[in-house]
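Shown next, in structure tokens, is the structure this report addresses.
The values are calculated or read from the model by the stated rules, or taken from the named source; none is laboratory data. Keep in mind the model is a prediction, meaning the values are calculated, not measured. Every residue, glycine as well, gets a Cβ built from its backbone with ideal geometry; the counts of neighbours run over all protein chains shown.
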Amino acid sequence: MNTPSHQAYVPFVSVDNMLKLVLHLGVERVLADLAAEIEADFKRWPLFDKTPRVASHSDVGVIELMPTSDGETYGFKYVNGHPSNMKQGLQTVTAFGLLAEVATGYPVLLSEMTILTALRTAATSAMAAKWLAPAGSTTMALIGNGAQSEFQALGFKAICGISEVRLYDIDPAATAKCAANLAGRGLKVVSCATPEDAILGAQIITTVTADKQYATILTDNMVGAGVHINAVGGDCPGKTELHKDILLRSSIFVEYPEQTRIEGEIQQLAPDHPVIELWQVINGQATGRSDAREITLFDSVGFAVEDFSALRYVRSKLDETGLFTQLDMIADPDDPRDLFGMILRAS
């Protein structure tokens, strides 16, 4: 009988263990830690393999693979986006991810990423706003109060110092859910009846809706000078949230232009419309906000490097927390050339 070596086992972080890890460390600490990890990886952006995610589209949603590598570690995420799932009581987005050693190709971590994606998305949003939002911002409008909303609110609180969040959703039940979940967490929460009401006094406007369509969540006349827009919901071809005229008045910042031009708000614009890559701002190679009246727009679609950062963060917490199980995942014959013999010996 073949006895697996330690290399046959891959640490697996289940949903249950991810929940325990987040509660053990604290939601806001995890968000702040993730933002720091993502920012650190953006500082070494040129090291990474970069490619637009590999997407399989259907008339009901999309299934995607998001791979990258820094030359030492390889990572990928499997993720879907199916807006109609909610009507069936299912998640719109589900995900899992894997890290592997480049030197051997052996996996070193398998993890749930439905929860982790929500955390890293909010951490990335707030990290970008740290560089782009008006100094001293205290109020954020949060339009779209679904599964991502609380993470965004707490991420901006932990990383940018937001103290008031103004909520709006086309479904009042979603707003009530979000407000209840944020109660007692150190934020002033204002539930609003219209998006126009939500943006009153807000220096930061976050849009995070799920419908897979060209939508106009923000019209041009709603957006005044000097605000930062965090556009999260537009993340695939044919799905946007902002009126085109807002884009034409904004300084636009993106993760990876080749992907964002296909999936982001800027799919509405000419292929050569100027954008600024966020990693260049962080590295001092480009200017972020340069004028108090400037409209800055983070056209966020999510990129594989952010998932890579999140997975590496989770892996770094395994020894500290012990919140994982070992999966017997890699066939490990006594003789690497005798895989068939391994089957025979198992009988």
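So here's what we get for this one:
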| quantity | calculated |
| --- | --- |
| Test for Thr206: is it within 18 Å of Ala118 (Cα to Cα), among the β-branched types (Val, Ile, Thr), buried (at least 20 other Cβ atoms within 10 Å of the Cβ) and without any contact (Cβ under 8 Å) to a residue 60 or more places away in the chain | no |
| Qualifying positions in the stretch 1-57 - closer than 18 Å to Gln259 by Cα, without any contact (Cβ under 8 Å) to a residue 12 or more places away in the chain and out of contact with any helix residue (DSSP H, G or I) (no Cβ under 9 Å at 6 or more places or on another chain) | Ser56 |
| Those residues of the stretch 100-126 which are over 16 Å from Tyr313 (Cα atoms), surrounded by 24 or more Cβ atoms within 10 Å (Cβ to Cβ) and over 10 Å from the mean Cα position of the chain (by Cα), in sequence order | Ala126 |
| Answer residue from the stretch 172-213, given it is β-branched (Val, Ile, Thr) and closer than 20 Å to Ala133 by Cβ and is nearest to the chain's Cα centre (by Cα) among those | Val208 |
| In the stretch 125-150, the residues that are out of contact with any strand residue (DSSP E or B) (no Cβ under 7 Å at 6 or more places or on another chain) and among the hydrophobic types (A, V, I, L, M, F, W, C) | Ala126, Met127, Trp131, Ala135, Ala147 |
| Residues of the stretch 168-191 that turn out to be farther than 27 Å from Lys87 by Cα and either surrounded by fewer than 14 Cβ atoms within 10 Å (Cβ to Cβ) or charged (D, E, K, R) (or both), as a count | 4 |
| Residue match in the stretch 66-80 (condition: surrounded by 15 or more Cβ atoms within 10 Å (Cβ to Cβ), at pLDDT below 95 and of a type outside the set (A, V, I, L, M, F, W, C)) | yes |
| Residue within the stretch 250-269 that is assigned by TED's automatic domain parsing to the domain that holds Ala95, at negative phi and part of a loop (DSSP other than H, G, I, E, B) present | no |
| Residues satisfying the stated conditions in the stretch 136-165, i.e. in contact (Cβ under 8 Å) with a residue 60 or more places away in the chain, of a type in the set (Gly, Ala, Ser) and in contact with a Lys or Arg (Cβ under 9 Å, 6 or more places away or on another chain) | Ala141, Gly146, Ala158 |
| Any chance Pro83 is farther than 16 Å from Leu311 by Cβ and modelled with pLDDT of 95 or more | no |
| The stretch 69-91: number of residues that are more than 23 Å from Arg44 (Cα to Cα) and within 14 Å of the chain's Cα centre (by Cα) | 4 |
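Yes/no per residue for (1) in contact (Cβ under 8 Å) with a residue 12 or more places away in the chain; (2) among the hydroxyl-bearing types (Ser, Thr, Tyr); (3) assigned to a helix (DSSP H, G or I):
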position	(1), (2), (3)
Pro274	yes, no, no
Gly284	no, no, no
Val301	yes, no, no
Glu306	yes, no, yes
Ser309	yes, yes, yes
Glu320	no, no, yes
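This table checks each residue for (1) in the same structural domain as Asp220 (by TED's automatic domain parsing); (2) under 28 Å from Val93 (Cα atoms); (3) not in a strand (DSSP E or B).
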{"site": "Thr296", "(1), (2), (3)": "yes, yes, no"}
{"site": "Tyr313", "(1), (2), (3)": "no, yes, yes"}
{"site": "Gln326", "(1), (2), (3)": "no, yes, no"}
{"site": "Pro333", "(1), (2), (3)": "no, no, yes"}
{"site": "Pro336", "(1), (2), (3)": "no, no, yes"}
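For (1) in a helix (DSSP H, G or I); (2) among the β-branched types (Val, Ile, Thr); (3) assigned by TED's automatic domain parsing to the domain that holds Ala331, each residue gets a yes or a no:
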{"position": "Gln91", "(1), (2), (3)": "no, no, yes"}
{"position": "Ala129", "(1), (2), (3)": "yes, no, no"}
{"position": "Leu142", "(1), (2), (3)": "no, no, no"}
{"position": "Gly146", "(1), (2), (3)": "no, no, no"}
